[in-house]
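Single-structure report; data block below.
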């Protein structure tokens, strides 16, 4: 190769190499912008050639407002990456998540989970065993759903009523952070249902380290686990050798806590209607491996606690910013119950304005604002009347669809009355609102979540009056999304209600 150095100087070689890279980049851009099968879909040109734009915006916690702006500019279907489409049309729910886009056969599942979700799980879960929430296999998901369904039925919920009664009386003191209070309450309830014992945070007034680590892990997942998972076949190698030691320690300690709690619960007898008594057979056996128990226990605690706490925090903020509607809800709650013990499953379900406020809170501030990532199968599929080629990443972003003026009048305004009959919001496309998603993979715990949110909201309004403190006047604007909402403190002053 000596002749090469005689003909080409190092600077010339670098120039040729740079020119080839630039040419390859231009050809790639031309293909993805004008020749790719998704080229007919509008979207920001700079995001059509690389997933890096999407990832960088996601790492900044600004993905949801960015997608909102793209839909406001380009319409109900937007291309957000080389092979990524976002939909706000209500019909997309049934097409993507309900199986309709794969044909008329009712046995056909919805579009499968994005393939990299399994790699994400392997990156953030030291068990490496998919849960009901993340399993990529339709058959295995259906098996797990059958096993766990008895624990989430309305009959089970009535039996569990005594386990859903946190005591709030200690929160009257100095200014309080209601984000913490609601996290304490929902994690206490959910861990009692799943681990057989509460974490006791509401009584202690402090996060246990495991819960504090949960919030850190979601941001770490965005920064590290997602890009590692996208390495595909080498993801396992990358997890072992490239993940920072501190993150691997965080993941291991998280699952060790879950394993210890599940093992302790299974080793002792209990008569309370918790998860395992409702799932295990009379002989104490279940068609689950111990690792499946660990993985699903972790998923149920996180899905059941953090999301409910987020909704309750946001709804409290929205009501305090709207005193007239807060007064209406307080009148309904305090007028309905003579004692706290009257707040039964059936009685709470009769409070129409409370239910309307919760629905509107989930619309304005959905606990899971992003989309349930799905991939169009190899043979392609139909979404909103259009054929979408196989391999395309598709989804409905909850926050974006719920704030679309094509779906709701005054989409950014908190108006619980829109969910009541005769409210004048008949043109709202209520079918676009699916906070628990649709189809065979919809949220198994939605009955529990609805009752828990009604009960906790009713209890705090029955016991206390609140004042929003100035430092939290712009609370919602300071929230960011890292898979889940990163929420600043919601500082309130609480005092006992005069009627109690």
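Is there a residue being buried (at least 21 other Cβ atoms within 10 Å of the Cβ) and more than 22 Å from residue 36 (Cβ to Cβ) anywhere in region 376-394? The answer is no, given that none of the residues of region 376-394 is buried (at least 21 other Cβ atoms within 10 Å of the Cβ) and more than 22 Å from residue 36 (Cβ to Cβ). Residues in region 428-441 that are at pLDDT below 95 and at negative phi: 438, 440, 441. Candidates 344, 392: the one that is touching a residue at least 60 places away in the same chain (Cβ under 8 Å) and more than 27 Å from residue 166 (Cβ to Cβ) is 392. Among the residues of region 34-52, just one is buried (at least 17 other Cβ atoms within 10 Å of the Cβ) and part of a helix (DSSP H, G or I), namely 47. In region 414-429, is there at least one residue being assigned to a helix (DSSP H, G or I), more than 18 Å from residue 67 (Cα to Cα) and in contact with a strand residue (DSSP E or B) (Cβ under 9 Å, 6 or more places away or on another chain)? No, region 414-429 contains no residue that is assigned to a helix (DSSP H, G or I), more than 18 Å from residue 67 (Cα to Cα) and in contact with a strand residue (DSSP E or B) (Cβ under 9 Å, 6 or more places away or on another chain).
Residues that are more than 28 Å from residue 452 (Cβ to Cβ), at pLDDT below 90 and more than 18 Å from the chain's Cα centre (by Cα) occur at least once in region 86-100.
Determine, yes or no, whether residue 493 is in contact with a strand residue (DSSP E or B) (Cβ under 7 Å, 6 or more places away or on another chain) and outside any strand (DSSP E or B).
Details: in contact with a strand residue (DSSP E or B) (Cβ under 7 Å, 6 or more places away or on another chain): yes; outside any strand (DSSP E or B): no.
No, not satisfied.
Considering (1) under 25 Å from residue 84 (Cα atoms); (2) at pLDDT 95 or above, the lone condition that residue 412 does not fulfil carries the number (1).
Taking the options 266, 278, name whichever one is surrounded by fewer than 18 Cβ atoms within 10 Å (Cβ to Cβ) and in a helix (DSSP H, G or I). Quick ask: steps written out before the conclusion?
Numbers: 278 fails: surrounded by fewer than 18 Cβ atoms within 10 Å (Cβ to Cβ).
It is 266.
Residue pairs whose Cβ atoms lie under 9 Å apart, sitting 6 or more positions apart in sequence or on different chains, and linking a residue in region 8-32 that is more than 22 Å from residue 43 (Cα to Cα) to a partner that is in a helix (DSSP H, G or I), are 8/16; 13/4; 13/5. The set of residues in region 318-355 being more than 22 Å from residue 472 (Cβ to Cβ), surrounded by 17 or more Cβ atoms within 10 Å (Cβ to Cβ) and within 29 Å of the chain's Cα centre (by Cα) consists of 333, 343, 345, 348, 351, 353, 354, 355.
Say we look at region 166-179 and pick out the residues that are modelled with pLDDT of 75 or more and assigned to a loop (DSSP other than H, G, I, E, B); which of these is nearest to residue 305 (Cα to Cα)? This residue is 175.
The values are calculated or read from the model by the stated rules, or taken from the named source; none is laboratory data. What you are looking at is a predicted structure, and each value in this text was computed from that prediction instead of being measured. Cβ: placed from backbone, ideal geometry, glycine included. Neighbour counts: every protein chain shown.
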